[in-house]
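One structure is given here, and the rest of the page talks about it.
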Amino acid sequence: MDAHTVINRTALVRGVFEHLLEVNNPPLDASFFSLGGDSLDAIEAVMCLEERFGVDLPINLLKFHPTISAIVAFLGELEQARAQAA
């Protein structure tokens, strides 16, 4: 995954966090839940991320990947797996 892709994905994921949690510029390593998110917010976040990235994501994504940087890494792994399967 190139730097441009990482930067774009990071901005999109950060935008979801900012919108749902009403926080400005959340740290890349801050947990969604420590920033004030709850389980209902997490479901909404997954739905927003699916829409923005055009992929199906596990509903428990934020349980196992609760930070912006972890979600960006997961999206990169998902892209890599899809490319290998093609």
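Quick note: the coordinates plus some simple rules give every number you see, no bench work behind them. Here the structure is a predicted model, which means the values were calculated and not measured. Methodologically, a virtual Cβ is constructed for each residue, glycine included, from the backbone with ideal geometry; neighbour enumeration extends over all protein chains shown.
Brief remarks on what is shown
- Of the listed requirements (1) assigned to a loop (DSSP other than H, G, I, E, B); (2) farther than 27 Å from Asp2 by Cβ, Pro27 misses just one: (2).
- Look at (1) in contact with a helix residue (DSSP H, G or I) (Cβ under 8 Å, 6 or more places away or on another chain); (2) of a type in the set (S, T, N, Q); (3) assigned to a helix (DSSP H, G or I) and you find that Asn8 fails only one, number (1).
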